[in-house]
Amino acid sequence: MCVLFLSIFMSDIKIVSAPEGIEGAGFFATRLDKVVGLARSHSLWPLPFATSCCGIEFMATMGSHYDFARFGSERPSFSPRQADLLMVMGTIAKKMGPVLKQVYLQMAEPRWVIAVGACASSGGIFDTYSVMQGIDEIIPVDVYVPGCPPRPEAIIDGFNRIQDLVKSESRRRRNSPEYQALMTNYGIK
Ligand code: SF4
């Protein structure tokens with residue numbers, strides 16, 4: 001235990017700072033939703049919906065060099081029911097749209113979505129009859145990562161933006177009128 005503490009103390013590992021609160025000698029008080037947000041943001045389980053080349057960049061992001069596990073996300077989930085972050089990477093054909101939407105609908109709230117790369121964000125170079133011109137035609141997107149393909153650093157940056165969102169969202173996001181209106185726009189109850 002002492003060795004572990006010493007090695008953390010002597011390394012570059014940064015301990016996540018505590019949420020806003022009131023502190024004094026022997027106590028620290030904060031709001032429950034801030035603690036929940038902090039915990040959630042460092043334990044997101046991504047569902048990689050990878051259809052083409054951007055998925056390869058995600059594989060690099062998961063590897064030891066970029067080490068996605070640093071953010072508590074080393075456990076990709078291929079079951080929507082055990083995932084809270086949908087990462088869409090690659091060209092999405094219109095035929096694939098209903099499948100993607102079904103995967104999204106099977107995820108429990110709260111859930112977040114990243115469109116990784118030009119194809120998922122806007123159709124990219126494939127301005128054709130068969131390719132969806134951005135996944136936000138069928139599901140709401142929280143963060144768009146530009147690039148064709150985006151480098152792993154850009155994917156990590158997009159993930160960090162999601163973490164900021166997760167930290168600052170109330171536990172009752174799904175019940176807010178704005179969120180309900182957004183879902184209604186997409187025909188999602
Ligand atoms: S954005 Fe570029 S790299 Fe990514 S899936 Fe589309 S064509 Fe491939």
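For Leu86, Leu105, Leu165, Leu44, the sequence from fewest to most other C-beta atoms within 10 Å is Leu105, Leu165, Leu44, Leu86.
For the chain, with only Lys/Arg (+1) and Asp/Glu (-1) charged at the beta-carbon, what is the dipole magnitude about the Cα centre, in debye rounded to 20? All intermediate terms of the calculation are to be shown ahead of the outcome.
Details: 19 positive and 18 negative charges, 123 e Å.
Dipole about the Cα centre, nearest 20: 600 debye.
Of the beta bridges DSSP finds with both residues in segment 82-168, what % are antiparallel, to the nearest 5? Write down the numbers at each step before the final one.
On the way: 1 of 9 bridges.
In segment 82-168, approximately 10 percent of DSSP beta bridges are antiparallel ones.
Given a Förster distance of 25 angstrom, what is the FRET efficiency for Tyr179 paired with Val16, based on the Cβ-Cβ distance and rounded to 0.05?
Values: r = 27 Å, r/R0 = 1.06.
It comes out at approximately 0.40.
What shape does segment 23-125 take by its C-alpha gyration tensor, where a ≥ b ≥ c are the square roots of the eigenvalues and a/c under 1.5 counts as rounded, a/b above b/c as prolate, and the rest as oblate?
On the way: a/c = 2.72, a/b = 1.85, b/c = 1.47.
It is prolate, given that a/c is not under 1.5 and a/b is the larger ratio.
Would you calculate, for the chain, the mean residue ellipticity at 222 nm contributed by helices, counting each DSSP H stretch of 4 or more residues as -39,500 (n - 2.57) and dividing by all residues, to the nearest 500?
On the way: 7 runs with 71 residues, N = 189.
Mean residue ellipticity, 222 nm, calculated: -11000 deg cm²/dmol.
For the pair segment 49-83 / segment 121-161, the C-alpha centres are spaced 16 Å from each other. When DSSP beta bridges are restricted to pairs lying wholly in the chain, around 25% turn out antiparallel. Ordering Ser170, Ser130, Ser121, Ser77 by the number of other Cβ atoms within 10 Å of each residue's own Cβ, fewest first, gives Ser130, Ser170, Ser77, Ser121. Under the shape rule built on the C-alpha gyration tensor, where the axes satisfy a ≥ b ≥ c, segment 82-123 is oblate, since a/c reaches at least 1.5 while a/b does not exceed b/c.
Which FRET efficiency, nearest 0.05, do Asn160 and Tyr129 yield, Cβ-Cβ r, R0 30 Å? Efficiency, rounded to the nearest 0.05: 0.25. Distance between the modelled labels on Ser170 and Asp136, one decimal in nanometres: 2.4 nm (7 Å Cα→Cβ projection). When each of Val99, Val16, Val116 is scored by the number of other beta-carbon atoms lying within 10 Å, the sequence from fewest to most is Val16, Val99, Val116.
Rounded if a/c is under 1.5, else prolate if a/b beats b/c, else oblate: with a ≥ b ≥ c from the C-alpha gyration tensor eigenvalues square-rooted, which is the chain? Oblate shape, in that a/c is at least 1.5 and b/c is the bigger or equal ratio.
Using a Gaussian network model of the chain in which every pair of alpha carbons under 10 angstrom is joined by a spring, one finds that among Ala118, Ala39, Ala50 the greatest mean-square fluctuation is at Ala39. Quick one: longest stretch of the chain between exposed loop GluC sites (Glu not before Pro), exposed meaning at most 16 other C-beta atoms within 10 Å and loop per DSSP? Answer from the scan: 75-189.
Once you've got the Cα coordinates, tell me which of Lys14/Lys34; Lys34/Lys95; Lys101/Lys167; Lys94/Lys189; Lys95/Lys189 are over 31 Å apart. Write down the numbers at each step before the final one.
On the way: Lys14/Lys34 20 Å; Lys34/Lys95 40 Å; Lys101/Lys167 25 Å; Lys94/Lys189 22 Å; Lys95/Lys189 23 Å.
Cα-Cα > 31 Å for Lys34/Lys95; rest within.
Within the chain, what's the longest run with no chymotrypsin sites (Phe, Trp or Tyr not before Pro) in a DSSP loop and at most 10 other beta-carbon atoms within 10 Å? Give the range, please. That gives 1-77 as the longest site-free run. Counting Lys and Arg as +1 and Asp and Glu as -1 over every other residue whose Cβ lies under 13 Å from the Cβ of Gly123, the net charge comes to -2.
Need the full-extension length gain, Ser43 to Ala60, defined as separation in residues times 0.36 nm minus the C-alpha distance. One decimal, nm. Before the final figure, lay out the partial values.
Working: separation 17, 0.36 × 17 = 6.12 nm, distance 1.98 nm.
Gain on extension, Ser43 to Ala60, equals 4.1 nm.
What does the charge add up to near Ile114, with Lys and Arg as +1, Asp and Glu as -1, over the other residues with Cβ less than 13 Å from its Cβ? Here the count lands on -4. Summing +1 for each Lys or Arg and -1 for each Asp or Glu among the other residues whose beta-carbon sits under 15 angstrom from that of Gly187 gives 0.
Taking every alpha-carbon pair under 8 Å whose residues sit at least 6 apart, the chain reaches a relative contact order of 21 percent.
No lab work stands behind these numbers, since they all come straight from the coordinates. Since we're looking at a predicted model, the values are computed, not measured. Please note: Cβ atoms are built from the backbone with ideal geometry, for glycine as well, and neighbour counts cover all protein chains shown.
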